[in-house]
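The values are calculated or read from the model by the stated rules, or taken from the named source; none is laboratory data. All values derive from a computational prediction rather than experimental measurement. Cβ coordinates were reconstructed from backbone atoms using ideal geometry, including for glycine residues, and neighbour counts include every protein chain displayed. Surface accessibility is based on the protein's heavy atoms, side chains included, excluding ligands, DNA and RNA. Shrake-Rupley method; radii C 1.70, N 1.55, O 1.52, S 1.80 Å.
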Amino acid sequence: MSTNFDEIMTLIYSIESHTCTASDQEIIQKINSWIPSYTCPTAAEGYFMVVSTVLHFRPQLEEALLKKAVEPLYYLGLDNAQDILSWIKQYQLSTGGYRSRKSGLQWLSKANSRVEHFEKALCYLRDLE
């Protein structure tokens, strides 16, 4: 069963307000079953909006959630961490519908320190092929 946008935003609001009762596994499942767009650029923006916000509050989910966030970028041909970090820099300036929330921007501002986590997510995607 897929997650819709309203369910994703309810999840985000509850995480931000510290009222979320969902387990880590439930959060991962909801995000993994959400399709923000059928185009890779917009899907990447949607996933990074959600994942960056969640990871600000639940950093223990980083390995699981980065796999999903990086996936549309990988399919766009961004196959190394430096390319992902360059995309993130541009995304932080985004004014589109899936622009990052304040807490997400805080997490994204530290993306350079997560190179190995992005590489691990990319390796996971390569192994799926």
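Just a few scattered comments:
- Extreme residue, farthest from GLY104 (Cα to Cα), among residues of the stretch 36-50 that are touching a residue at least 40 places away in the same chain (Cβ under 8 Å) and not polar (S, T, N, Q): PRO36
- Condition met for LEU55 (in a helix (DSSP H, G or I), open to solvent by less than 70 Å² (accessible area, probe 1.4 Å), free of Cβ contacts under 8 Å to residues at least 60 places away in the same chain and closer than 21 Å to ARG126 by Cα): no
- If you go through the stretch 23-35 and keep only what is open to solvent by less than 20 Å² (accessible area, probe 1.4 Å) and either touching a Phe, Trp or Tyr at 6+ places or on another chain (Cβ under 9 Å) or of a type in the set (Gly, Ala, Ser) (or both), you end up with ILE31, TRP34.
- Filter pass, GLN90 being part of a helix (DSSP H, G or I) and either farther than 24 Å from HIS18 by Cβ or of a type in the set (D, E, K, R) (or both): yes
- Test: GLY97 is closer than 20 Å to THR3 by Cβ, outside any helix (DSSP H, G or I) and either among the aromatic types (Phe, Trp, Tyr) or without any contact (Cβ under 8 Å) to a residue 60 or more places away in the chain (or both): yes
- Residue satisfying all of: in the stretch 7-45; of a type in the set (Gly, Ala, Ser) and within 19 Å of TYR91 (Cβ to Cβ); farthest from the chain's Cα centre (by Cα) among these: SER37
- Subset of the stretch 37-50 [under 17 Å from SER2 (Cβ atoms), surrounded by 21 or more Cβ atoms within 10 Å (Cβ to Cβ) and not small (Gly, Ala, Ser)]: TYR47, VAL50
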